[in-house]
Amino acid sequence: MSVTITLADDLADRLRAQALARKLPVQQWALMIRTQAIERPDDELPWKELNRRRLELIHRKYHGGLAEAEEGELVALQALADKHLEALDRPRLEWLAPYEELANRIAQCSHE
């Protein structure tokens, strides 16, 4: 199904600038944003689709290379992955904090 939307000029300009910075077609960047925007915590399907595409591009990058637009798409998808996984990493980092503190104390003691 195809849908056409009309954007205010300033929003369209920002969308074009973001797509250009990522070396992506505007339509592709808009689709990625839309997909990410509708993602809900209880519905992992959009993230799974984006991540599947990211993994496909990573594989292709190291087994034949990517076109310039695909390279930009991979950069954008990697940024989404970083954001998505940050929430999962935070509790793990908090769990590791006492061990990091202990390692720092041991390192200080060994320098004295």
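Per-structure values
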{"item": "Sorted by Cβ neighbour density within 10 Å, fewest at the top, the residues 106, 5, 33", "result": "5, 106, 33"}
{"item": "Estimated distance in nm for a label pair at residue 75 and residue 99, the labels positioned 7 Å out from Cα along Cα-to-Cβ", "result": "3.5 nm"}
{"item": "Selection from 109, 74, 47 lying farthest towards where the dipole of the chain points positive, charges on Cβ", "result": "74"}
{"item": "Rounded tilt (10° steps) of 26-37 against the dominant C-alpha axis of the chain", "result": "50 degrees"}
{"item": "GNM result for the chain, Cα springs below 10 Å: residue of 76, 21, 97 fluctuating most strongly", "result": "97"}
{"item": "Nitroxide proxy distance, nm - points 7 Å out along Cα→Cβ at residue 60 and residue 28", "result": "0.8 nm"}
{"item": "Cut-off 13 Å between beta-carbons: net charge of the residues surrounding residue 56, Lys and Arg +1, Asp and Glu -1", "result": "+3"}
{"item": "Relative contact order of the chain, pairs being alpha-carbon contacts under 8 Å that are 6 or more residues apart, as %", "result": "23 percent"}
{"item": "Most fluctuating residue given options 74, 55, 96, as computed from a GNM of the chain linking Cα atoms under 10 Å", "result": "96"}
{"item": "Sites residue 89 and residue 21 - FRET efficiency at Förster radius 25 Å, r taken between beta-carbons, to 0.05", "result": "0.45"}
{"item": "Label point distance in nm, residue 68-residue 6, each placed 7 Å from Cα along Cα→Cβ", "result": "3.3 nm"}
{"item": "Evaluated at q = 0.18 Å⁻¹: base-10 log I(q)/I(0), Debye formula over Cα of the chain", "result": "-0.98"}
{"item": "Residue with peak Gaussian network fluctuation, the chain [Cα springs, cutoff 10 Å], from 69, 30, 87", "result": "87"}
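Every number in this text was worked out from the coordinates using simple rules, so none of it is lab data. It should be emphasised that the depicted structure is a prediction, and the values quoted were computed from it without experimental measurement. Backbone-built Cβ (ideal geometry, glycine too); neighbour counts: all protein chains shown.
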